[in-house]
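These notes concern the structure reproduced below.
The values are calculated or read from the model by the stated rules, or taken from the named source; none is laboratory data. Quick caveat, the model's predicted, so the values are computed rather than measured. Here the Cβ positions follow ideal geometry from the backbone for every residue, glycine too, while neighbour counts run over all protein chains shown. Keep in mind that these areas ignore ligands, DNA and RNA; they rest on the heavy atoms of the full protein, side chains included. Shrake-Rupley method; radii C 1.70, N 1.55, O 1.52, S 1.80 Å.
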Amino acid sequence: MREINASIPFDKRMWRQDLRGSQAHVTMLGAQGIVAAEDAAAIHAGLGEVAADFEAEGVPEDLALEDIHMLAESRLAQKIGATAGRLHTARSRNDQVATDFRLWVRDAIDQAEAALGALQDALLARAEEHADSVMPGFTHLQVAQPVTLGHHLMAYFEMIGRDRSRFTDARARLNLCPLGSAALAGTGFNLDREATAKALGFDGPTRNSLDSVSDRDFAIEYLTAASQTALHLSRLAEEFVIWASQPFGFVSLSDQWSTGSSIMPQKRNPDAAELVRGHSGRITGALVSLMITMKGLPLAYSKDMQDDKPPVFEAHDLLGLSIAAMTGMVESATFRLERMRAAAEAGFSTATDLADWLVREGGIPFREAHHITGRAVAMAEQAGIRLDQLSITQLKEIDSRIDERVYGVLSVDASVSSRTSFGGTSPKRVREAIAAARKSRQEEGR
C-alpha cells in the first residue's frame, strides 16, 4: 500500500511550486490574523531554507511521507519545530496539489512558448536565406508545382505560430488559483483568496471549490497543445528524413544531428529527426492517458487523479527535446539547392503555368487548357526534355494558339515569380511574409 499510494517519486518535480504556494498561503494567513505574525514569518523563512536544501541536495524520496507536500512540511518541522504545523491551516492537500500542478503547467507552457519562439526564429533566418531558392512542391509526394525553399520553411513558421497560440490560450484559462478551496467545500476561516492568487501570479481565485479541486482541464489542454505541436514537429522531421535520403539528396544533416552506422561506415542516419517523429506518438499517448483517467471520475477528488502528473511530465520532457532537436537541425542543415532545382525542373512542375497561360492569354476554358497541357507534358516526356525545352513548332503542333510568349511562364523561376497572390510562393511575397513575421516577433519581445 505504501508503494502504490506514494507519489513522491514523480511529484517531487513540483517542489518549487509547492514551496512557493506554501509561502503565499502562510503570508495570507498572517495578514488575516489566522496565524500569528511571528509564526507566519518563521514558517516563511523556514520554507526558504527548505528550498535552499532541495536546490543544493535534491529532493529525497521517502515513501512514508507519500508526496512532496508532506515531505516539505516534514522538512519544515525539522527546521522550525512544531510551529510548522500551522502551515496547513485552512487548506487541504486537494487544493494544494491543484495549485502546485497549475503553477507547474503554467511554467511548462512558458518554457514551450520560449522554445517554439526560438524555432520560429531559426525558420525565419533560413527562409530569408532561401527566399529565391527553387525546390519542388509536392502533393501525394509527387512533384506538383515549383515553390521556394523559403516559402516551404515559412509554412512551418505558420504551424508553430498556431501551436504557440494554443499554449497561450491554455495558459489564459488555467490562470485562476484553487488555493483556499480546501478539501472540496471551502473553509470557515476568513481567507483572502484574492491576495493569495495575486501573490502567485494568477488572475484571481477559482469560483467553485468543488470544481477547483477536481479540475484537470488545464493539464489536458496543455497536453492537447503539446500533441498538436508534436505532430507539426513530426511532419518537419519527416521532411528532413526524406530530404536526407540519397534518392532526394535535398539536405545534408550536420554530424551534430545525425549518427553513423555500426556496420556501414558510409551512412549518416537522421536519428534525431526519427526520434522527434517517434516522440509525437508518446506525447499524444500522454494526452489519451490523462483523458481516460479523468473521463469517469465523480466530484470531487479521487486518488486516480494522482496519475495525472506522470503523462504531463513525460510529455513536457519529450516536447522540450523535440523542439530543441528540430531547432538545431533547421539552424545547421546544409540545403543542396542544385538537387532541389533539378527535381523541380525534372517533374514538369510548370504544367499548371502552361494551363493558366492558355486560359489567361488564349481565352481557353480551363478544362480544355488542362487537356492541351497534358499533351504537351506527354510530348516532353517522350522526348526526355523539360516543358520549356519544347520548341515553338512542337507547341503549335499541339495547339496553334500557343505563341512565343509562353516561354515567359514555362521555367521554374518564372513560375515561382508569377505566384504573387497573397500567401503565394513568389520571392517578393516570401520576403514580405518574413518581414511581417520579424516585426511580429519583435513586438512580442517588447
Which of the residues spanning the range 123-146 are open to solvent by 10 Å² or more (accessible area, probe 1.4 Å) and either among the hydrophobic types (A, V, I, L, M, F, W, C) or touching a Leu at 6+ places or on another chain (Cβ under 7 Å) (or both)?
Ala125, Arg126, His130, Ser133, Phe138, Leu141, Val143, Ala144
For Ala344, indicate whether it is open to solvent by less than 10 Å² (accessible area, probe 1.4 Å), farther than 21 Å from Phe138 by Cα and in a helix (DSSP H, G or I).
no
May I ask you to verify whether Thr99 is open to solvent by less than 10 Å² (accessible area, probe 1.4 Å) and polar (S, T, N, Q)?
yes
Does Glu381 qualify as being without any contact (Cβ under 8 Å) to a residue 60 or more places away in the chain, open to solvent by 10 Å² or more (accessible area, probe 1.4 Å) and within 18 Å of Gln142 (Cα to Cα)?
yes
Taking helices (runs of 4 or more DSSP H) that fall entirely within the range 1-48, which contain at least 1 residues that are of a type outside the set (Asp, Glu) and more than 36 Å from the chain's Cα centre (by Cα)?
2-5, 15-31
Which of the residues spanning the range 384-398 are open to solvent by 80 Å² or more (accessible area, probe 1.4 Å) and of a type in the set (Asp, Glu)?
Glu397
Could you look through the range 413-446, keep only residues that are β-branched (Val, Ile, Thr) and touching a Lys or Arg at 6+ places or on another chain (Cβ under 7 Å), and pick out the one that is modelled with the lowest pLDDT?
Thr420
Counting only residues that are under 17 Å from Arg20 (Cβ atoms) and part of a helix (DSSP H, G or I), which one in the range 85-94 is most open to solvent (accessible area, probe 1.4 Å)?
Arg93
Would you pick out the residues in the range 185-207 that are open to solvent by 80 Å² or more (accessible area, probe 1.4 Å), under 22 Å from Leu299 (Cα atoms) and not basic (Lys, Arg)?
Ala185, Gly188
Look at Arg375 and say whether it is farther than 30 Å from Gly278 by Cα and either buried (at least 17 other Cβ atoms within 10 Å of the Cβ) or under 42 Å from the mean Cα position of the chain (by Cα) (or both).
no
Which condition from (1) assigned to a helix (DSSP H, G or I); (2) of a type in the set (A, V, I, L, M); (3) more than 35 Å from the chain's Cα centre (by Cα) is the one that Ile385 breaks?
(1)
Any chance Ala64 is assigned to a helix (DSSP H, G or I) and at pLDDT below 95
yes
Which of (1) hydrophobic (A, V, I, L, M, F, W, C); (2) within 26 Å of Leu299 (Cα to Cα); (3) open to solvent by 10 Å² or more (accessible area, probe 1.4 Å) does Val241 not meet, given it meets every other one?
(2)
Can you list residue pairs whose Cβ atoms sit under 9 Å apart, with the first residue in the range 24-35 being on the phi > 0 side of the Ramachandran plot and the second being surrounded by fewer than 19 Cβ atoms within 10 Å (Cβ to Cβ)? Count only pairs 6 or more apart in sequence or on different chains.
Gly33/Asn190
Yes/no for Ser302 being farther than 30 Å from Ile220 by Cβ and of a type in the set (Ser, Thr, Tyr):
no
The one condition Ala82 fails out of (1) farther than 30 Å from Arg438 by Cα; (2) open to solvent by less than 60 Å² (accessible area, probe 1.4 Å) is (2)
If I filter the range 351-372 down to residues being surrounded by 16 or more Cβ atoms within 10 Å (Cβ to Cβ) and either assigned by the TED database to the domain that holds Arg268 or of a type in the set (Asp, Glu) (or both), which single residue comes out as modelled with the lowest pLDDT?
Asp353
Has the range 13-20 got any residue that is open to solvent by 20 Å² or more (accessible area, probe 1.4 Å) and more than 24 Å from Asp317 (Cα to Cα)?
no
